[in-house]
Amino acid sequence: MTPAIMTLVLKPLKGMPLIQPGDNLGSIIYGALQKNGITLKDKDILVVTQKIVSKAEDRYVNLDNIAPSSAAQQLAAICEKDPRLVEVILRESREVIRCQKDTLITEHELGFVCANAGVDHSNVKGKGNEQGIWYLLLPKDPDRSARAIQAYFHRQEGVKIGVLIIDSHGRAWRQGIVGISIGTAGVPELVDMRGKKDLFGYALRITQIGAADELAAAASLLMGQSDECLPVVHVRGFPYALRESKITDVMRNKSKDFFR
């Protein structure tokens, strides 16, 4: 018998307002779902860009208020970045992985390796009328942020959904950025296929699917990277069972990191 073909449907939510510190993201997304004619069902997923989570959680930083340390000044001389920005990056990082002209790669305090510890200047205007050079940090605990949105919809609609917080990261050995998961509630970071049989009856020995990252990349295509104003994507038909997971599930242990 031919297996049923799964259909995965992703729809970006139009009409989302600009997010301000203290905003209730669950309530705002709920309003956007209504405007877009979407009624949530069990097993649906909301993919949310990190940017609006950070804004709602007031993760702004003003470089005018930052005094760079000597370590930041030394690294800034190498990578040719503003020493105040480098200081912010260091405060968000566990370890500096690479530093050279125009490039500062660190291990973020959440555990993943990325450029500038995820500190971002794009689509960041700042708060109120306060002057300065504003940047946005990643959420302090993206898993917790995802769970808060998930819990809102469970209370509001009585549905069991998944929530994925995503960001755009570069990749070693490849050009270009892609969307990846940085926080999850109900969406499995990894789907373990080890022990399952392939077409010819061989048991898979190594295969683990980065399911959350695959979905993050698909949603990121619809969100865009500049002025699209589509920070949330509704997903229906995710081919794997929803279950509790956390971002650390996908982090490679340093003992198995052969490339750092």
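Assorted remarks:
- Filter pass, Ser181 being at pLDDT 95 or above, in a strand (DSSP E or B) and surrounded by 15 or more Cβ atoms within 10 Å (Cβ to Cβ): yes
- Boolean, Glu80 is under 16 Å from Val124 (Cβ atoms) and modelled with pLDDT of 95 or more: no
- Residues that are exposed (fewer than 15 other Cβ atoms within 10 Å of the Cβ) and either under 17 Å from Asp192 (Cα atoms) or outside the structural domain of Gln50 (by TED's automatic domain parsing) (or both) within region 215-239 comprise just one, Pro239.
- Restricting attention to region 85-120, the residues being closer than 27 Å to Glu189 by Cα and of a type in the set (S, T, N, Q) number 3.
- Condition check for Leu164: hydrophobic (A, V, I, L, M, F, W, C) and touching a strand residue (DSSP E or B) at 6+ places or on another chain (Cβ under 6 Å): yes
- The listed residue being free of Cβ contacts under 8 Å to residues at least 24 places away in the same chain, outside any helix (DSSP H, G or I), assigned by TED's automatic domain parsing to the domain that holds Ala151 and over 19 Å from His108 (Cβ atoms), out of Pro17, Pro21: Pro17
- Residues located in region 24-44, provided they are assigned to a loop (DSSP other than H, G, I, E, B), under 14 Å from Val233 (Cα atoms) and polar (S, T, N, Q): Asn36, Thr39
- Residue list for region 104-138, restricted to those being in contact with a Leu (Cβ under 9 Å, 6 or more places away or on another chain), more than 21 Å from Cys79 (Cα to Cα) and of a type outside the set (D, E, K, R): Leu110, Asn123, Val124, Gly132, Leu138
- Scanning region 222-260 for residues that are among the aliphatic types (A, V, I, L, M) and at pLDDT below 90 yields Val250, Met251.
- Restricting region 221-260 to residues that are part of a helix (DSSP H, G or I) and touching a residue at least 60 places away in the same chain (Cβ under 8 Å), the residue that is nearest to the chain's Cα centre (by Cα): Ile247
- Residue that is surrounded by the fewest Cβ atoms within 10 Å (Cβ to Cβ) [pool: residues in region 81-130 that are outside any helix (DSSP H, G or I) and of a type in the set (Asp, Glu)]: Asp102
- Screening Ile166 against (1) outside any loop (DSSP other than H, G, I, E, B); (2) at positive phi leaves a single unmet condition, (2).
- For region 68-78, residues that are surrounded by fewer than 19 Cβ atoms within 10 Å (Cβ to Cβ) and either in contact with a helix residue (DSSP H, G or I) (Cβ under 7 Å, 6 or more places away or on another chain) or basic (Lys, Arg) (or both) total 3.
- Once region 45-67 is narrowed to residues that are aliphatic (A, V, I, L, M) and not in a helix (DSSP H, G or I), the residue that is farthest from Lys127 (Cα to Cα) is Ile45.
- Residue in region 190-197 that is acidic (Asp, Glu) and loosely packed, with under 15 Cβ neighbours inside 10 Å present: yes
- In region 133-153, the qualifying residues are those that are over 13 Å from the mean Cα position of the chain (by Cα) and in a helix (DSSP H, G or I), and the one that is surrounded by the fewest Cβ atoms within 10 Å (Cβ to Cβ) is Ala151.
The values are calculated or read from the model by the stated rules, or taken from the named source; none is laboratory data. Bear in mind the structure is a predicted one, so any value in this text is a computation, not a measurement. Here Cβ is always computed from backbone atoms with ideal geometry, including for glycine, and neighbour counts include all displayed protein chains.
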